[in-house]
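Notes follow the structure.
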Amino acid sequence: MTGDLLVQNAMMVLPNRIVEGDLRVSNGSIKSVAPNGGLVPLPGEFVIDGTGLHLLPGAIDPHVHFREPGQPEKETLESGSRAAAAGGITSFLDMPNNIPNAINRTTIEAKIAAAKKSAVTHHGFFIGATKNNVKDLQSVEGMDGVCGIKVFMGSSTGDLLVHEQKHLEDIFANTGGIIATHAEDENRLQSRIEQFGHRTDIAAHAECRDVECALLATKRASALANDYNHRLHIVHMTSGDEADWLASNKGEFITTEVCTQHLTFDQNDVEERGVRVLMNPPIRYTEDKETLWKRLKDGTIDCVVTDHAPHTLEAKSVGFPKAPAGMPGVETSLPLMLTHAMDGKCEVSDVVKWMCNGPAKVYGMENKGSLIEGNDGDLTLVDLETRKTITDADTWTRVGWTPYAGMELTGLPLWTIVDGIPVHSRSKDGPFKGKSLVKQGETGRALKFKRIGN
Ligand SMILES: [Zn+2]
């Protein structure tokens, strides 16, 4: 479904400037961008008064785990996409470590069909690599709704793992599109897990899954990308050392991302918030956080993502080290980054670059990521004046909690719009959660990806 919509008098965050004006969406696409305004409502158009609000392109989260199929108690494509919409995210890319894993054409087609039926935002899916499924990887190349290949080089949640050189070479040599790697070195990881197994204090997590684990794998994946001229995207950069190394060794085939939580938390938050912020690779140290910000600003890091990976509080309640790794975040990432912007960490236009243009560019998403005529009518209108404290009860994710509980956020979306249809709204003085406006499956499509490089 697509819609006709007019936003009036908003501060529009355009590619090169922020200017007050009007924006019209016709039949789901951005038809006119009018700095200084003057657009008059047409019959049948849904009109939004954007006075005092900032109008952004719909944000894109290219790294989520919506747990469907297999773990509906944690998330589904419907609940995850409603959470996304509540946070101003209009497109998501979902990871393959499900039950069963999405590792062949049949499982990928099933996920695309399920999303068509139940998601309310645009969607794309990674196919998971195993040590012997190159033919399956090839079978979905270039398919609408398929954004790339995910390779877990180190063990994390689920059983997907490819760490032997010959298997990695096979994948890099015989596939196209984008390979996205979870870069932690499996051999070092296993020997460290043995060494640190007796520790029950949560600080042990970052000591065990150390920077060297991550750096080794990042270097190895980069070498493969360069040897085979293959596009590589290194997911969730966590350490200053990796980011610094990439700054001078990135090369034309390689892109990378950082999670909101690694820009927000450090060892002190791990101590304070405990297993809620346990994830792989870990939240590290103040100096890592500061270097990640620096490398994001200098362009070494291409985009900001969430790695939304919900687990129930019940599953988390067993404590460290048994608690599962991962935290929700898809509905808080845009407000959180806009809060950083309003606190002086960066500019509002940087947030748009990192959460809208950046992911669209990395994955070659057609017609996404900027407020320009002809692009899809995916928008979010955010309020940068009000601040509200978030609690677990304010969340849309199925697991009902947020790692940011107790934090004061600004930049909450008052409207999220997909293809010209309002999918989520809240009011300045109303409840934090706001309301979902569409039925399951009513909005959102399988994303199309342009092939970039080999
Ligand atoms: Zn992930």
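Among strands (runs of 3 or more DSSP E) entirely within segment 19-83, having at least 1 residues that are away from the ligand (no atom under 16 Å from the Cβ) and closer than 17 Å to His308 by Cβ singles out 59-64.
Here Arg199 meets each of (1) of a type in the set (Lys, Arg); (2) over 30 Å from Ala446 (Cβ atoms); (3) in a helix (DSSP H, G or I) with one exception, condition (3).
Working carefully through the options Thr286, Thr312, find the one that is in the same structural domain as Gly158 (by TED's automatic domain parsing), more than 16 Å from the ligand (Cβ to nearest atom), surrounded by fewer than 18 Cβ atoms within 10 Å (Cβ to Cβ) and under 23 Å from Gly158 (Cα atoms). None of the others qualify; the one that does is Thr312. Within this structure, Gly38 fails the test of being assigned by TED's automatic domain parsing to the domain that holds Thr416, surrounded by 19 or more Cβ atoms within 10 Å (Cβ to Cβ), touching a Gly at 6+ places or on another chain (Cβ under 9 Å) and over 21 Å from Glu385 (Cβ atoms).
Within segment 140-159, the set of residues being more than 21 Å from Val330 (Cβ to Cβ) and either assigned to a loop (DSSP other than H, G, I, E, B) or away from the ligand (no atom under 16 Å from the Cβ) (or both) comprises Val140, Glu141, Gly142, Met143, Asp144, Met153, Gly154, Ser155, Asp159.
Candidates Val270, Val277, Val305, Val318: the one that is crowded, with 17+ Cβ neighbours inside 10 Å and away from the ligand (no atom under 16 Å from the Cβ) is Val270.
If I ask for residues that are in contact with a helix residue (DSSP H, G or I) (Cβ under 7 Å, 6 or more places away or on another chain) and crowded, with 19+ Cβ neighbours inside 10 Å, which ones from segment 1-35 would you list? Answer for segment 1-35, where residues must be in contact with a helix residue (DSSP H, G or I) (Cβ under 7 Å, 6 or more places away or on another chain) and crowded, with 19+ Cβ neighbours inside 10 Å: just Val13. When each of Leu137, Leu168 is tested for being touching a residue at least 40 places away in the same chain (Cβ under 8 Å), more than 16 Å from the ligand (Cβ to nearest atom) and either over 19 Å from His230 (Cβ atoms) or in contact with a helix residue (DSSP H, G or I) (Cβ under 9 Å, 6 or more places away or on another chain) (or both), the lone residue that passes is Leu168. Any idea which residue in segment 96-117 is farthest from the ligand (Cβ to nearest atom), counting only those that are under 14 Å from Val146 (Cβ atoms) and of a type in the set (A, V, I, L, M)? Among residues in segment 96-117 that are under 14 Å from Val146 (Cβ atoms) and of a type in the set (A, V, I, L, M), the one farthest from the ligand (Cβ to nearest atom) is Ala113. Among the numbered conditions (1) under 24 Å from Lys361 (Cβ atoms); (2) touching a Leu at 6+ places or on another chain (Cβ under 7 Å); (3) crowded, with 24+ Cβ neighbours inside 10 Å, the only one that Lys150 does not meet is (2). Selection of segment 234-288 for residues being among the β-branched types (Val, Ile, Thr) and either within 25 Å of Asp201 (Cβ to Cβ) or in contact (Cβ under 8 Å) with a residue 60 or more places away in the chain (or both) yields Val235, Thr238, Thr255, Thr260, Thr264, Val270, Val275, Val277, Ile283, Thr286.
Restricting attention to segment 321-339, the residues that are surrounded by 20 or more Cβ atoms within 10 Å (Cβ to Cβ) and touching a helix residue (DSSP H, G or I) at 6+ places or on another chain (Cβ under 7 Å) add up to 9. Scoring Asp144 on the criteria (1) surrounded by fewer than 21 Cβ atoms within 10 Å (Cβ to Cβ); (2) over 20 Å from the mean Cα position of the chain (by Cα) leaves a single failure, condition (2).
Rundown of residues vs (1) part of a loop (DSSP other than H, G, I, E, B); (2) touching a strand residue (DSSP E or B) at 6+ places or on another chain (Cβ under 6 Å); (3) surrounded by 18 or more Cβ atoms within 10 Å (Cβ to Cβ), yes/no style:
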| residue | (1), (2), (3) |
| --- | --- |
| Lys345 | yes, no, no |
| Val351 | no, no, yes |
| Asn367 | yes, yes, no |
| Pro403 | yes, yes, yes |
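The values are calculated or read from the model by the stated rules, or taken from the named source; none is laboratory data. Keep in mind that this is a model prediction, so the values were computed, not measured. We place every Cβ from the backbone using ideal geometry, glycine too, and count neighbours over all the protein chains shown.
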